[in-house]
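The values are calculated or read from the model by the stated rules, or taken from the named source; none is laboratory data. Fair warning: this is a prediction, and the values are worked out from it, not measured in the lab. Glycine also receives a Cβ, built like all others from the backbone with ideal geometry; neighbour counts cover every protein chain displayed. Note: areas computed on protein heavy atoms with side chains; ligands, DNA, RNA excluded. Shrake-Rupley method; radii C 1.70, N 1.55, O 1.52, S 1.80 Å.
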Amino acid sequence: APLLPASLLRRVAELAGVHLYIGSEDVVWASRQLLAVSVREAGARKITLPRKASVRDLYRGTKIGDGIDSFDMNFEDHATRVFVVE
């Protein structure tokens with residue numbers, strides 16, 4: 001089976017009403033309490049949550065915010081950040 005472009009899969013997900021955590025084509029892994037974002041290129045990303053939550057960076061131990069439904073995060077080249085969502 002051919003690999004479909006990420007942009008096409010993103011559009012299909014949007015039309016189906018699937019929550020998209022990030023507006024770029026970066027890789028996202030999400031569960032109820034963990035969210036990981038892996039990027040190729042450095043820069044700022046806006047991450048949108050499906051519900052308001054308290055968020056902290058799992059490895060750095062820093063609090064991102066309480067009762068938030070989105071946050072901005074800077075990434076280095078080829079970085080992965082993992083967040084706890086409670």
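For the chain, the Cβ-based charge dipole about the Cα centre amounts to some 220 debye (Lys, Arg positive; Asp, Glu negative; other atoms uncharged). Averaged over its residues, the chain has an accessible area of 68 Å² per residue, based on protein heavy atoms and a 1.4 Å probe. Take the chain, connect every pair of alpha-carbon atoms lying under 10 Å apart with a spring to form a Gaussian network, then pick out the residue of Val28, Val12, Val39 with the largest mean-square fluctuation. Answer for the Gaussian network model of the chain: Val12.
Note on Ala30 and Ala42: the extension gain reaches 2.2 nm, defined as 0.36 nm multiplied by sequence separation minus the Cα-Cα distance. In a DSSP loop and with at most 13 other Cβ atoms within 10 Å, the chymotrypsin sites (Phe, Trp or Tyr not before Pro) in region 1-74 are Tyr59.
For the chain, the spread of Cα coordinates along the three principal axes comes to 41, 29, 20 Å, biggest extent given first. I want to verify a result. In a Gaussian network model of the chain, Cα cutoff 10 Å, which of these has the top mean-square fluctuation: Leu58, Leu35, Leu15? Of the options given, Leu15 has the highest mean-square fluctuation. Reported to the nearest whole Å, the Cα centre-to-centre distance from region 1-35 to region 48-82 is 18.
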